[in-house]
Each structure stands twice: as structure tokens, then as C-alpha cells.
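J.: Dropping a structure here in C-alpha cells format, bear with me for questions.
The values are calculated or read from the model by the stated rules, or taken from the named source; none is laboratory data. Quick caveat, the model's predicted, so the values are computed rather than measured. Backbone-built Cβ (ideal geometry, glycine too); neighbour counts: all protein chains shown. These area figures cover heavy atoms from the full protein model, side chains too; ligands, DNA and RNA do not enter into them. Shrake-Rupley method; radii C 1.70, N 1.55, O 1.52, S 1.80 Å.
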Amino acid sequence: IPSVSSIVPESCLLIVVGLLVGGLIKGVGEKPPILKSDIFFLFLLPPIILDAGYFLPLRPFTENLGTILIFAVVGTLWNAFFLGGLMYAVCQLGGPGLNHIGLLANLLFGSIISAVDPVAVLAVFEEIHINELLHILVFGESLLNDAVTVVLYHLFEEFASFEQVTILDIILGFLSFFVVSLGGVLVGVIYGVIAAFTSRFTSHIRVIEPLFVFLYSYMAYLSAELFHLSGIMALIAAGVVMRPYVEANISHKSHTTIKYFLKMWSSVSETLIFIFLGVSTVAGHHYWNWTFVISTLFFCLIARVLGVLVLTWFINKFRIVKLTPKDQFIIAYGGLRGAIAFSLGYLLDYKHFGMRDMFLTAIITVIFFTVFVQGMTIRPLVDLLAVKKKQETKRSINEEIHTQFLDHLLTGIEDICGHYGHHHWKDKLNRFNKKYVKKCLIAGERSKEPQLIAFYHKMEMKQAIELVESGGIGKIPSAVSTVSIQNINPQTLPLERVLPALSKDKEEEIRKILRTNLQKTRQRLRSYNRHTLVADPYEEAWNQMLLRRQKARQLEQKMNNYLTVPAHRVDSPTMSRARIGSDPLAYEPKEDSENLPIITIDPASPQSPESVDLMSEEPKGCSGLPPSPEEDEEGLVMRVKEPSSPGTDDVFTPGTSDSPSNQRMLRCLSDPGPRPEPEEGEPFIPKGQ
């Protein structure tokens, strides 16, 4: 029913299904099953976290890691202590039913209910298609606050059994946060490296390649939980570390298997979790206290809003892309609680916490309110506030290449400035990865030669085999002579050969190869020095050629305009010379022009009509000086053009006739105007023009 699913999130519908199933089981007289914490933490939660960690968008996650950590660590600590302290005050003022609940029990309750749940966030945020920044901030916070939740939960649980809590216990508890979080990450990195190393040797057993990914990831989670470390952090670290190396080693079919199996597994787990939440609500023992439940709900919302506002005010002082008030509202409104809080509350011991049923009732109320009310209203609010949505289309190769180019540019700017930002350290990590880690964890030639070249060889070999099979052996290029043609049986060529279209996997592989290889790092380039910049001769020649073409076009237009004017009946000597230079074959001297010198041009000589400089053919006496005897004997003087330099246009080589004065002379030659009277005795072209 699309109309229902567009309004109500899937998680809400699954909880309703669980409530109906639980009510039906209870109505029949049977006892409904309860979501046990062991089943939840050991079997239902790991697939969801592994799916999130393995396909984590690494670039936005690393770019916003500081913001995510502040929200996850400081924000969760603030929520836990603020909520625990206020609930302790409510218990002291709330009457006889709440007086016996101490400070440690309220702090433990605050630590359980304060953490944002990754399962609930994934279920709701995947449906509203929020932009990448907000999604990764809320989802990253829900993943990384697991370490804080685990530490506070076990800390207050241990303190509840102590007779007296000393300052040393508090200091050790503070240090245990670093042990739990960093220890979980370390366990995940170790298993991720082992999984990547194992995938080097699976080329002959492709069927079980996906099994190693699931096996080592699950072992990382179990190993972390065994030592009370953060299992969620271990799973995320394992998925992030193993993915690039495993994908380079395994086949495309194994990659597809991992992708779809993880999606299916996490989807099934998510469905079971929300259905079990509904069933457990009907089946569990509840103790309803209006004061405690309503105060919990109210203070949860207040703590979340205050925490986001204060932390964002501090974070925006250091962020380049500031978090707007709309972003802050969505982050605060997206703090959903879910099954992790319920399972942690279910784990409480009756012996130390006799108020466990009241805690569970309040936790379920908060979960239902956040999932139903906030989950159902966040989509209309996103549309109402016009919050930027996620891009549905993939980024083009052009965008990805330019993004990587800008990364290299920013790294270079950081190096020049001497400021070691995250671009600098990311570049150092990439170099270390290419130089050492890839050689150990990636099999064969893929670790040495660039992926683009390897892919080209692969496509070339495939094309050669297809040519041999189709009978076109003569068309095989020499580069593929390594193919053993004798072992390939030629097949008959079909009547109409249809070229296969690229599959989505192949297109994605080409996209990935181009993205990672077309923009190499800057170590190839020479270091920048403003004193040793070399000018490019071809660039200057090209600019001159373009200018020359533009001038020639303008001159041609003007010549066409001038040629519309009819020429004078009697040709002047200058016009005769111009005609001879432009087209000597078509021009025949008039009868009355016997006094003019005749130019005889040999077609085989290098001096073509174009090489005659018309400006040098001035009649003697025009320069204002008496002609010398040598000039009398020589007649017309022809000047040969200099040979053009390489890289320039032979037709449009800049010559002496490019100056404005020479262009004006050409115009005059084309349209000389009224002929002066012979008795004036003045030259046609006045001196100085």
C-alpha cells in the first residue's frame, strides 16, 4: 500500500505487526517470546552494523569525523549525566514510589536511554533521502556512541555493586573509555588486515570468498565483546579496512554476493528486531509510573536539543561549511532511540536494580515516541523546511576526477603554506598504502601496475580472442601476439554481430578505475618555482596564427567592400603592379602600358607570386630620392620572404604587411580614388604615410 508507506516508516509498521502478533499469541493463552539480549547482541545486531561499516561512505565520514566524534562522545556524555541528574531530582521529589531509586541507578538509566540507535536511524533516514552531510552526522554519531554507552553502562553497573566509590575508580572508569573505544578499533583493524591477506590466496576457490568477509568480521565482533570492548567499533573498523583490498582480490561475482547477502541479512535482522520489540512490549512485565515516564520523555527531548545547540555553536567556530539552524533541527530531531536501549535495559539484574520493570516501561515509551512521532513527522518537516535532499543520480566521472584534482591542489597548498591539515595526512597515508600495504595485501600484478593499464590489457586480450573466434585473424594487432592462437578453435561468424552493452558492474569498474588513476598524485610534476618558468613556443605561435587569421578575415571583408567600387579606366602603375602580384596569369598589360616593366615568373622557381612583397615594388622616385644607377639597371626589386618557423601556419605567418600603415596602403591600392593630374607632379603616396 504505497499511500501508507509514504506516510508511516517501515519500522513503525513492523512494530505494529509485532504488537498484533504478540496480542494474538497472548489472546490464545500462550506466552509470547521476548527479545533476549543475547540473541539481539550476538545474532541480530552484527549484520546491520557490518552492512553499515562495509559500505560506509568513507569520504564524508572522514571529512566530518571531528564533528561526529564531538556529537558521539561529548553529546552522549551530556545526555547521560543531564538526564540522570534530573531524573534523580525527580525521584527525590516524586513521592514514596520513587524515593528508593539512587543516583547510580538514575545515571545508569540515563546512559541507557541517551544513546542514539543506529538501527532506528538507518530505518528512518534511508526512507527520507536526506542529504549526505546530515545523514552521516546522525548515523556516524549513532555508530560511534556505542563506546560511550558500553563504558557508562558497565561502569555504573559495577559501581552499583560497590559499597563505596573512590576517586581512583572514577579515574579508571574515565581511562576505560579509551581502552574500550581504541581497543575495539584495534581488534577490527587486525581482523580486517587478516581478511585482506587471506583474500590474496582465494583465486582458485572463488566460491568461498564471501565467507571470509563474514567470518572475520563476526570474529572481530565476538573478540571485542569477549573483552568488553566496543563490538560495533570493531565491526566498523574491520569493514572499512578490509573492503578496498578484498575487492581488489575477489571476483565480481563474489563482490555481488557480498553486497546482496549483506543487504538481505541486515534487512532481515532489522525486521526481526522491530517485530520483536512489538511482541516484547505485549509480553513483558510493566510498571507504569506517570511521573517517571513523562519526565523521562520530556528531559530526553530537552537534553537532545540543548546538547545539539551548544555543541553546534562550538563546532561552527572551526567548520568551513557551517551547520545551519535547519541542519541543527534535523540533527536534534533525528536522535531516535531503538532496540539497543531496550536490550541493555533487559540485561539489568533484578538483584541490584529492583526497579527494572519501570525502567523498561520508560525505555519502551521513549522508543515508541521517537520512532512513531519523530519518525513519522520528520519527512513532512524536511519537505516543509526545504532541506537539501540526497542526489539520486551518481556523480559523473568528470565530477569525481575534478574532486580528486582539488584534493591534490589543496594538498599542495597545505604543503606550500606549511599547514599540515587532513589533506596532507590523507596524502601521506595514501602514499604509504601504495608503497607498502598494497604489495602485501593485493595479489598479482594489480598491486604494481595501475589498474587502468591492467584493465586495458584485459580488454585487449578479450578483443583478440573474440577476433580469433570470429575468424578475423588478420586483424589482430601486434600487441596481442602472446595469445596462443593454436589453442583457440575458430567458430563460424554469426550473420549479425551485436556488440554487447556494458553491464552495470563493468561500468562501475571502469568508473572506479578512471577515478583512481586518471588523476595521479603531484609527485610527477616538477616543483613550482616562479623564477624558472619556461614559456611554451607553440602557444605563442598558435596565438599569432589565430590573430593572423582574424586579420585576414577582416581584410578580406574590407577588400570585398572596396572591390564593389568600379576601377578607373586608365590603370596607374601601382595598380598594374598590384594586379601582377595578385594574379599574373589573368592580367594582360594594356597597349598603352609599354613603358611598364614586365615581370617574368618561372613556375618552378621558389619565388611564387605570394613570396613577392608588394610593398617593395614602389616606383622609383616615390621615395623622394633620385634613383641610383644600380636601381635603373635592376628595375623592380623582388624580396623573398623568410622561411616560416616550425609550429606556425605557413599561410598566416606574420609578415611585414601586418602593420596598420601597410594595411592602409593595401586599401589605397584596391581603391586609389581620383587620379591626380600629371602636372601636379606629386607622388601617389605622400611621404610619411
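J.: Can you pull the accessible area of residue 42 for me, 1.4 Å probe, Å² to the nearest 10?
T.: The accessible area comes out at roughly 60 Å².
J.: Quote to one decimal, in nm, the extra length available between residue 172 and residue 260 on full extension: 0.36 nm per residue of separation minus the C-alpha distance between them.
T.: On the way: separation 88, 0.36 × 88 = 31.68 nm, distance 4.32 nm.
Computed gain between residue 172 and residue 260 is 27.4 nm.
J.: What's the FRET efficiency of residue 16 with residue 381 using the Cβ-Cβ distance as r and R₀ = 25 Å, to the nearest 0.05? Don't jump to the answer; show the numbers that get you there.
T.: Details: r = 22 Å, r/R0 = 0.88.
Given R0 = 25 Å and the Cβ-Cβ separation, E is 0.70.
J.: With every protein chain left in place, what is the accessible area of residue 468 in Å² (1.4 Å probe, nearest 10)?
T.: About 0 Å², rounded to the nearest 10.
J.: Provide the descending list of Cα extents for the range 1-153 along its principal axes, expressed in whole angstroms.
T.: So the three principal-axis extents are 53, 47, 31 Å.
J.: Still on this model: In square angstrom, rounded to the nearest 10, how much accessible surface does residue 200 have for a 1.4 Å probe?
T.: Near enough 70 Å² of accessible area.
J.: Suppose R0 equals 22 Å. What FRET efficiency, 1/(1 + (r/R0)^6) with r the Cβ-Cβ distance, do residue 512 and residue 253 give to the nearest 0.05? Working shown, then result.
T.: Values: r = 17 Å, r/R0 = 0.77.
Once rounded, the FRET efficiency stands at 0.85.
J.: Taking the range 1-54 as the region of interest, what is the percent of Cα-Cα pairs per 10 angstrom bin, listed from the shortest bin to the one with the maximum distance?
T.: 19, 30, 37, 13, 0
J.: While we're on this one: In square angstrom, what is the accessible area per residue of the range 129-238 with a 1.4 angstrom probe?
T.: Numbers: 5040 Å² over 110 residues.
Result: 46 Å² of accessible area for each residue.
J.: Obtain the nm distance between the two label points defined at residue 396 and residue 63 by a simple spin-label model: each point lies 7 Å from its Cα along the Cα-to-C-beta direction.
T.: Distance between label points: 1.9 nm.
J.: Put 38, 357 in order of accessible area, largest first, 1.4 Å probe: what do you get?
T.: Listed by decreasing accessible area, they come as 38, 357.
J.: Along Cα→Cβ, 7 Å out, is where each label goes; now give me the distance between the ones at residue 203 and residue 457 in nm to one decimal.
T.: It works out to 1.1 nm between the two label points.
J.: In percent, how large is the relative contact order of the range 85-218, given Cα pairs closer than 8 Å and 6 or more residues apart?
T.: Working: 71 pairs, mean separation 25.9, N = 134.
Relative contact order here is 19 percent.
J.: Past 31 Å, Cα to Cα: identify those pairs from 426/506; 322/426; 36/388, in the order given.
T.: Values: 426/506 28 Å; 322/426 23 Å; 36/388 40 Å.
36/388, as the Cα separations exceed 31 Å there.
J.: Let me ask something else. Please sort by residue number the chymotrypsin sites (Phe, Trp or Tyr not before Pro) in the range 126-180 whose DSSP state is loop and whose Cβ has at most 15 other Cβ atoms within 10 Å.
T.: Details: sites: 139, 153, 156, 159, 162, 174, 177, 178; in loops: 162.
Answer in residue order: 162.
J.: Let me ask something additional. Evaluate the distance, in nm, between pseudo-label points positioned 7 Å from the Cα of residue 426 and of residue 226 along their respective Cα→Cβ axes.
T.: So the label points at residue 426 and residue 226 sit 3.6 nm apart.
J.: Continuing with this model, one more query. Could you please state how large a percent of the accessible area of the range 1-118 is carbon and sulfur, counting protein chains only and using a 1.4 Å probe?
T.: Working: 3730 of 5090 Å².
For the range 1-118, the apolar C and S fraction of the accessible surface comes to 73 percent.
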